[in-house]
Amino acid sequence: LSMNLLWGMLFALFLLYKFILQQICNIIIVIIECMVIFSLVTRWTPVYADKEEKLAVMSVGFLLNNQDSAIIWRGPKKEAMVEQFVKKVNWGGVDFLIVDTPPGTSDEHISVIKHLENVHLAGAVIVTTPQEVSLIDAAREISFCKVTGINILGVVENMSGYLCPHCDHVTNVFSSHTGVQFCQQHQVDFLGQLPIEIRLSQCMEDGKNFCKLNPDNNASSVFKDIWDKISKKINC
């Protein structure tokens, strides 16, 4: 989640575009609390996460009476909600829509492809962590994208080491360089490595823009570099 929100913040900060993040069948651990979704005659209105209204968010989590409630849905219910999010939300004149999907391949992924079949898909960014179990999920995502014809923009390795807040030394909590090796093995581009950064985590908890508040931080630089690579790929 933090990856997608930070990308949204980078869009808002650097591109000045209206940017949309869509969270499919997953609950945002709410930095946006006590928000109300307004239901128009035919469409829902998303929640804006910034004062400038450049980053709009829609989540199943907003529809729950209690944020601790479980979502226990079978395929048809998920399918209907994905269609609602894609076709019956008042997104307005947006430039970008990011769909944040669960790990692996499931009903959500197939439903998203189905309901966006008439939309140009710029591509997929696959996020993994250095552990083997995460890389297995990432490999399945790559296979899914290839089978469905989705362009793979690249892979980001998240939680790639722990960044000390005192000396900026990175300690590899998990395996090191697995993301690079993984990309070489699957012949996809490696976009970058993001460390575990306490200040970044705190900003996400507080709903603050880490990159804007810490422009010279190593993690901010990595994020900007990742965005530069993605923007070139989608001609933005």
Exercise. Quick one: length gained pulling residue 118 to residue 63 fully straight, 0.36 nm per residue minus the C-alpha distance?
Worked result: 17.1 nm
Exercise. Along the principal axes of its C-alpha atoms, what lengths does region 54-122 span, in descending order and rounded to whole Å?
Worked result: 33, 27, 21
Problem set entry | Charge dipole (debye, nearest 20) of region 82-236; +1 at Cβ of Lys and Arg, -1 at Cβ of Asp and Glu | 360
Exercise. If you wrap a convex hull around the C-alpha atoms of region 169-213 and split its volume per residue, what is the figure in Å³?
Worked result: 109
For this session: Using +1 at the Cβ of each Lys and Arg and -1 at the Cβ of each Asp and Glu in region 190-236, identify which of 222, 191, 235 lies farthest towards the dipole's positive end.
Result: 235
For this session: Determine, from the Cβ-Cβ distance of residue 88 and residue 169 and an R0 of 45 Å, the FRET efficiency 1/(1 + (r/R0)^6), rounded to the nearest 0.05.
Result: 0.35
Problem set entry | Relative intensity, log₁₀ I(q)/I(0), of region 121-236 from a Debye sum that treats every alpha carbon as a point, q = 0.23 Å⁻¹ | -1.31
Problem set entry | Surrounding net charge for residue 191, when Lys and Arg each add one and Asp and Glu each subtract one, Cβ distance under 15 Å | -1
For this session: Quick one: grab Rg to one decimal and Dmax as a whole number for region 149-190, Cα atoms only, in Å.
Result: 13.2, 45
Exercise. Can you give the extra length, in nm with one decimal, that the chain gains between residue 131 and residue 151 once fully stretched, where that is 0.36 nm per residue apart less the Cα-Cα distance?
Worked result: 4.8 nm
For this session: Give me the number: length gained by fully extending residue 180 to residue 110, i.e. 0.36 nm times residue separation minus the C-alpha to C-alpha distance, one decimal in nm.
Result: 22.4 nm
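Only the coordinates and a few stated rules stand behind these numbers; no lab work does. Computed from a predicted model, the values in this text were never measured in an experiment. Backbone-built Cβ (ideal geometry, glycine too); neighbour counts: all protein chains shown.
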